Amino acid sequence: MKKKTTVILKKNFVNLGQIGNIVKVNSGYALNYLVPNNIAEIATIGKLRHYNMFLDIKNKKLNEIDNKMKIIQQKLNQITKISLKKKSGSNSQIFGSVSDKDIIVSILYCTQEKLDKKNIYLPSIKKLGIYNVNIILSSDIKVQLKLQILPMYI
């Protein structure tokens with residue numbers, strides 16, 4: 001019997017690694033503990049090919065998403081500022097509030113790209129003026145836009 005056996009992990013395991021990792025372990029450990037407890041499966045040539053195929057598909061999808069986010073970032077960088085009109089009272093205070101939806105509609109109008117509410121981080125806006133809006137598309141792609149709140153004259 002071989003000393004080491006290659007296995008593919010089905011569950012996260014502290015000593016070995018994450019789901020989908022291919023690791024070499026002692027044969028007894030693999031056959032007596034990991035496989036019966038459904039923590040790992042023996043890595044055959046077919047299963048390794050299957051695993052690599054799914055890994056390639058996952059990487060292609062991640063690359064597509066990353067490219068799309070970079071295109072959105074370029075479109076957002078072309079916008080200098082977003083202007084919104086709100087009813088205001090004395091002391092430049094606005095009635096109501098500025099919501100994520102207002103920002104999303106303005107960005108959709110300018111770039112033809114629909115963003116999620118969770119991507120937009122707004123400061124507390126109570127008065128007329130210029131504010132910074134942070135848009136985080138992914139962990140490494142961030143954009144900062146200027147938001148100008150103007151008074152609405154009736």
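The values are calculated or read from the model by the stated rules, or taken from the named source; none is laboratory data. Treat the numbers as computed from the prediction; the structure is a model and nothing was measured. Virtual Cβ from ideal backbone geometry, glycine too; neighbours counted across all protein chains shown. Only protein heavy atoms, including side chains, enter the accessible area calculation; ligands, DNA and RNA are left aside. Shrake-Rupley method; radii C 1.70, N 1.55, O 1.52, S 1.80 Å.
What number of residues within the stretch 115-153 satisfy the criterion of being β-branched (V, I, T) and without any contact (Cβ under 8 Å) to a residue 60 or more places away in the chain? It would help to see each step written out before you state the result.
Residues of the stretch 115-153 β-branched (V, I, T): 120, 125, 130, 133, 135-136, 141, 143, 149.
Retained after the next criterion (residues that are without any contact (Cβ under 8 Å) to a residue 60 or more places away in the chain): 120, 125, 130, 133, 135-136.
Selection size over the stretch 115-153: 6.
Looking at V105, is it of a type in the set (A, V, I, L, M), in contact with a Gly (Cβ under 7 Å, 6 or more places away or on another chain) and either open to solvent by 70 Å² or more (accessible area, probe 1.4 Å) or more than 18 Å from K146 (Cα to Cα) (or both)?
Working: of a type in the set (A, V, I, L, M): yes; in contact with a Gly (Cβ under 7 Å, 6 or more places away or on another chain): no; either open to solvent by 70 Å² or more (accessible area, probe 1.4 Å) or more than 18 Å from K146 (Cα to Cα) (or both): yes.
When the stated conditions are applied, V105 does not pass them.
In the stretch 108-129, what residues are open to solvent by less than 80 Å² (accessible area, probe 1.4 Å) and either over 14 Å from P151 (Cα atoms) or of a type in the set (F, W, Y) (or both)?
Passing the criteria: L108, C110, T111, E113, L115, N119, I120, L122, P123.
Restricting attention to the stretch 84-131, report how many residues are of a type in the set (S, T, Y) and part of a loop (DSSP other than H, G, I, E, B).
Qualifying residue count for the region: 3.
Considering only the stretch 68-97, how many residues are under 17 Å from Q144 (Cα atoms) and either loosely packed, with under 13 Cβ neighbours inside 10 Å or touching a residue at least 40 places away in the same chain (Cβ under 8 Å) (or both)?
Matching residues across the stretch 68-97 total 15.
Here's the yes/no breakdown for (1) within 13 Å of I135 (Cα to Cα); (2) among the small types (G, A, S):
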position	(1), (2)
I71	no, no
Q74	yes, no
Q78	no, no
K85	no, no
N91	no, no
S97	no, yes
I103	yes, no
I107	yes, no
